Every structure is written in structure tokens, then in C-alpha cells.
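A short write-up of the structure that comes next.
Read-outs: derived from the displayed coordinates by stated rules, not from any lab. Worth saying up front: this structure is predicted, and the values here are computed from it rather than measured. Positions of Cβ are generated from backbone atoms using ideal geometry, with glycine treated the same way; all protein chains shown enter the neighbour counts.
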Amino acid sequence: MNKHLKSRMTMLVLVGWMLSTAGSAMAEEFVVGVEVPLSGSLARVGTGMSEGITVAAEVFNRKNTKHKIKLITVDDESSPAKAVAAVEKLASQGAIAIDGGYGSNNIGPASDAANKAGLVYVTSGGVDEALTQRGLKTFFRINNTAGYSKAMLGLLADMGVKSASIVYLTKEATADLAKDIEKALAAKGVKVTMHAFDPAITDFKPIINKIKLQDKPDVIVMSGYENDYVGVLRAAKVLKPDVKAIVGAWSLATSKMQDDFPDLMPNVYGTALLPFPAEFTTPDGKDFAEAYKKLYGKEPDYLGQFGYVQSQLLFDAIVRAFDAGTLKSGGIAAELRKTNKDTLIGRVQFDDKGDNLNFSHRMGQHQAKQIAIVWPKEYANGKMNFPGVPW
Amino acid sequence: MTELVSQALWSGILTGSSYALIALGLALIFGTMNVINLAHGELVLLAAYIAYTCESAFGFNPLFAIPAAIVIVCVATTLTYFLVNQIRKDRELNSLLLTYGIGVMLTNGMLLLWKADIRSTKSAWLQDAVVFGPFFSMRSEILFFVISLALIAGLWWWLTRTWAGRAVRAVASNRDAAKLMGIDPHRVELVSFLVAGLLAAFAGAAIFSVGVIQPGLGISLTVKAFIITVLAGMGSVPGVLVGALLLGLTESLTTTFFSSALQELAGMVLFLFVLFVLPNGLFGTRWRRAH
């Protein structure tokens, strides 16, 4: 081998080595699979989450000149079997992580499928305790039942409630939340009566009449979804039980409910991350709100916020794993586990089961066509109208 | 206790009457053609969304949206009929698949057009409380209770007192014999579909005024209508009213004395019990022959 050839080969080896080690410094497009219900019974919430995920990718791609996120979305049609098929399809299309999922019954099997494919699964759509009890090292969620019940219990404690009737939907997440609240209130000596209802119910008057004539509570607590709240509030408006407040959970203290059901909402409480009109004070919040309005031409809602935060944390973890050269060896999960970041929903840190250690919701009240945050004090921008009901 | 029971009975009657309105169209087509229109719930829902559009875009009271809903839903039922009529073999069975498919297409069409958000009337007038002694209800419930009774009476009168109605019954009873009597079964079946569309339009306006709608609701409306139709006895109009009221009362009393979580179960127990005792339904063929 002559000297000239030797030097050429050395150059080639050097270039090859440089290319192989310079991976972390090169631009890369990361494919993230989005599995959400865009049709079926969960289409509304799934669409809301999907909007937040899209906004997160848009903000990431705009701010990040080095890497890009490419989203591939598959509709799971609100069905557990199709959620599994969606995850498998996304894995086969080269997704390096799964973002999305709504409904604990869909998220359970879908995240199992992701785990089998070695993919991280990040969500804000399922609060069932069982999801984090499976020992999956690839599962992460940014919200949980404890955060919702903490906020509702905090508000009820501030009201000095002595008795409560809890009206709850017999689905896993809503029933879990209702039972958590019942247990905590009973432990404080509050008299609690439980009223379970089936998803097929159309007339809530028999339940509200029992509350009015038999329970006679200080407050009615609702754990359900938008259509249930509308049914309960309409029945309550007809029967006018002598209560001091009506408190609900998710999807209630929203601008949409205010717009669509203005006669039912006055003085009603619900979990809310932000007041309405929304006040985004942090740079991240302003980025989110601006991109959201630009893409969808409307005010951001809580579903979009959750979708945005879960995706933002996932994208950050992907980049960190890529930079560390561990992207394909479980690095995304390891990086997510190291997360300790202030986000639009507060500080997020994951425990070893993938649950957000710090999640605590806030309580909002519909007041004069606006939503005021009334609990906890550090986030409050208004005082609660108590006692106060929609009629 | 009296107040509790009286309100439960009143709520059961009002709910039952709205069930009857939803089930009437399905029962009519089932009775005349032996076709279970699995898209019926979606057609009712389509009418509800037309009422929503008329209210949100033009500010109309949902009641005034009924004529527009009748036109659009009747066009949809006519198309459904022409598709069903294309089936050459095993019409009873194949129409199940066809109408189920139409239902899925309608659901997704509504999802695309009106999004997945829940919708309900904003009319304060319809939502106002109406109180008669111990009976509490919304104005919309009373209104559609009356409309429901009027439509049931009208349908019964049409089926028993008019030539077209008798032709429908003749085709339902014996298609070949009806043909020999000079009745065109295709025309009669088309008329049945059109009347079912008209009834679905009223039912849609009712569910939008009384409750909450979203694109996935159609299938549960079909299931409820199917239960009532079978409970009633095939194609029986008085049976639909009695079956729907029984179902409404059972659900309401179960909620009042036990738990709302058991109301669907109670409805199913009633359904199975009636079929066990009267396999042809409450007003089935044997009852009608005897009367």
C-alpha cells in the first residue's frame, strides 16, 4: 500500500468517524405518532387534545432551527381495539413515541401496545389510578384524579360545606373522582349522599328531586361530562333545590359552556387552569395562545393546554435523548423521568410510575359571562360568589 | 314521599312520550317492510342538527325549524328507501347491513359538518319551568308531549281511516295479496319511509329542545327505538305509545327508588319480561287479530 493510498484511507476513516459522532449536532426530523379519538363518543375531547399537540409541534418547529417534529395522526375512533391498532400502525410508520390518547379504557390497551413496541406513551386524557399501577416504564401522564379532587375539596373546605350530594357518571374516571371526594369529605365529618347515573340517562329530574326532598344538602357536586352537566343543571333549574352552590369537575368552567349555555352557567364552579378571558403572562403561554389563535381562530381551551404541555415535554425529552445518543435505547423515557419544568399547568415532575407528582387543578366560577379563578388563593383573580346558583 | 312519587311518574310519562316519538318512524317501517332501519336514530339526529342550525344561524325557535327538517330528512329517507329497494336477496338481513352503513356515514357526515361539540337549544322560552302542583317540567317537555300524542293519534287515524294508510297495512299484512288488489307496494313503502322521515323530523326537534345532542347519539336513539318497537309488537302504533310509556316510567321509578345506574338494566328486564310473557310484544299480531 503506497503512502498516498494510506493517507486517503485515513481521511475516509476520519470522515466516517466524524459523521458517526456528529449525529447529535445534525438536524433531524423526529416522527411522533398521535393516537387520538377524532370520531366516536370522544371526538370532541380528542379533537381538543389534537389541537394542543399540533400547536406544540408548530411552536417547536418555529423556534427550533436544528430539529423538526413531524406528526402522524391516527384516529382511534374512541375504541380500545382501534386505539391498539392505531399505535401498532404508528410504530410501523416509524414513530419514535406516542402522544395522545383519551379515555382510560382506550389509553390502557393503547399504552400497553406502545410499551410492547418499545415506545413512550404520553397523555393527559386518562385519570384512572389503574393506569399508573401497571409498572410500565414507558407510560407518562401529566394529570390525575388526585389533582382534580384536591382542587374540588379545597373549594368545598373554603365554603365550609356541612353536607353534599354527589351526582356522578358510572364511568371509571368520573366514579373514581366521586368516590375520592366522598371519602375525603366523610373523613372531615361532612354528610355525603351519592347518586350514580348511567350514561344513557336523559332526564335528571328524578335524581334532583331526591336531592331536593330527601338529601337537602349545602352543595351539589357533579362528576361527569358536558352533556351530563347540562342535564343536571337544567333539572336543577326546573326543580330549584335549596342549595348554596353547584360544583363540577372537568369541561365545565370553560368559555364554550358559557357561550353555549349562558342561562345555566351563572355561579357554577368547575376545574379550570385559566380564567376567561384567558390571561397568559409567561412567554411560553403567550407563544401557545398566539399559535393556537393563528391555527384555529379561537381562544385556547383546557384540552388544548393539556395537549400542548404533554407534547412540549415529550418533544424536549426527544431532543435531549437525541443529543445524548440514547434515542433508540430507551432514552426518551429516561429523559422524561428527569423532567422538572414549569409549564402552563404548573410544575411537572414524573414519579417512577409516570404520574405527575405536582398536579393540582384550580377552581373557576362562572361570573358575569366570565370565568374567575377562585381557588387556590395564589392563583385566584376573583372572589367566589357564595352562596350562588344559576337560578 | 307523595311528591317524590308524583314527580317520578310525571317525569316517566314525559320521557316515555319522547321515546314514543323517536320510535314511531322505526316501528312504521318495521311494520310495513320488515326492515329494521338502523339509520333511524341518525335521521332523528340529522333533524336535531337542522334545528340547531336554524337556531344558531338564523335565530329561529327550534319549532320553526321543523318544516326544513321535514324536507331534508324526507330526502334522506327517500334515498335510504331507494337503496334498500335495490336489495334483491334476503332484504330483511341485508337491509340491516345497508342501513347500519348509512347510519355510520350520516354520523361521520354530521361530525364533519357540525363538529363533535354538544349542542342544545338556547331558547329560554323552551327551557322555562312549568309547574302544575307537584309536577315540575320544562315547557319544551310539555310541548313535545302534546305533539307526540297528536302525532300518534294522527298516525293511527291515517293507518286505519285513510286509503293510503289501509294500503300500508295491506302491504304489511300480505304484499302479494295487496298487489292483486291493485296496490303498488313500492309506492306504499316509499310513503312509509316519507312518513317515517316526517316523524323523525319532529323527534329531532324534540331531542334538541329537551336534551343535548352530539354526533354519536344516533345509535343509542336507534337502540331505544328498537326496544320500544319490539316491546310494542311489530308495527303497532298504540303499542309504541304503551311500550314507550312503560319504559319511561320503569326508568324514572328505578331512578327514584333505587339508582339511576340501574335504569338501563330495569328497562332491559322489562323488555325481557314482556317478551317472555308475550313473545309477540304488548300489541303483537295475536292481540291485533283478537281485536
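Can you compute the FRET efficiency between B:Arg88 and B:Trp157 using 1/(1 + (r/R0)^6), with r the Cβ-Cβ distance and R0 = 30 Å? Round to the nearest 0.05. Efficiency, rounded to the nearest 0.05: 0.30. The angle separating the long axis of helix A:3-21 from the principal Cα axis of greatest extent in chain A is about 0 degrees.
Averaged over the residues of peptide B:111-119, the number of Cβ atoms from other protein chains lying within 10 Å of each residue's Cβ is 5. In degrees, nearest 10, range 0 to 90: what is the angle between the Cα axis of helix A:80-92 and the longest Cα principal axis of chain A? Relative to chain A, helix A:80-92 is tipped by roughly 20 degrees.
Site pair A:Asn61 and B:Ala129 shows an inter-label distance of 5.3 nm when each label is modelled 7 Å from Cα along Cα→Cβ. Measuring gaps between exposed loop sites in chain B (trypsin sites (Lys or Arg not before Pro); DSSP loop; at most 14 other Cβ atoms within 10 Å), the longest gap, sites not included, is B:116-291.
Note on chain A: antiparallel DSSP beta bridges, both residues inside, total approximately 25 percent of the bridges counted. Could you check how many percent of all C-alpha pairs in chain A are farther apart than 31 Å? The proportion of pairs with Cα distances above 31 Å equals 40 percent. Please find, in a Gaussian network model of chain B (springs between Cα atoms separated by less than 10 Å), the residue of B:Ile183, B:Ile152, B:Ile29 whose mean-square fluctuation is greatest. Ranking B:Ile183, B:Ile152, B:Ile29 by mean-square fluctuation puts B:Ile183 first. Projecting the alpha carbon convex hull of the protein assembly as shown along each direction and taking the average yields 37.1 nm². Per residue, the convex hull spanned by the Cα atoms of chain B measures out at 137 cubic angstrom. Label 7 Å along Cα→Cβ of B:Ala177; region B:32-48 residues with amide nitrogen under 17 Å? Those under the cut-off are B:32-34.
Partner shielding of B:245-258 amounts to 2, given as the average count of beta-carbon atoms from other chains within 10 Å of each residue beta-carbon. With 0.36 nm allotted per residue and the present C-alpha distance subtracted, the A:Asn358-A:Ala130 stretch has 80.2 nm of extension available. What the Cβ-Cβ distance of A:Thr281 and B:Leu190 gives, at R0 = 60 Å and to the nearest 0.05, is a FRET efficiency of 0.40. Note on the protein assembly as shown: helix-only mean residue ellipticity at 222 nm, from DSSP H runs of 4+ residues weighted -39500 (n - 2.57) and normalised by residue number, equals -19000 deg cm²/dmol.
Taking A:Gly147, A:Gly108, A:Gly160 in turn, the Gaussian network model of chain A (Cα-Cα springs below 10 Å) assigns the largest fluctuation to A:Gly160.
Residue by residue along B:261-267, Cβ atoms of other protein chains within 10 Å of the local Cβ number 4 on average. Each residue in A:Ser79, B:Ser236 was given a count of other beta-carbon atoms within 10 angstrom of its own, and listing them fewest first yields A:Ser79, B:Ser236. Peptides A:303-309, A:137-143, A:183-189, A:322-328 ranked from most to least packed, by the mean per-residue count of other Cβ atoms within 10 Å: A:303-309, A:137-143, A:322-328, A:183-189.
Helix A:302-324 and the longest principal axis of the C-alpha atoms of chain A enclose an angle of approximately 20°.
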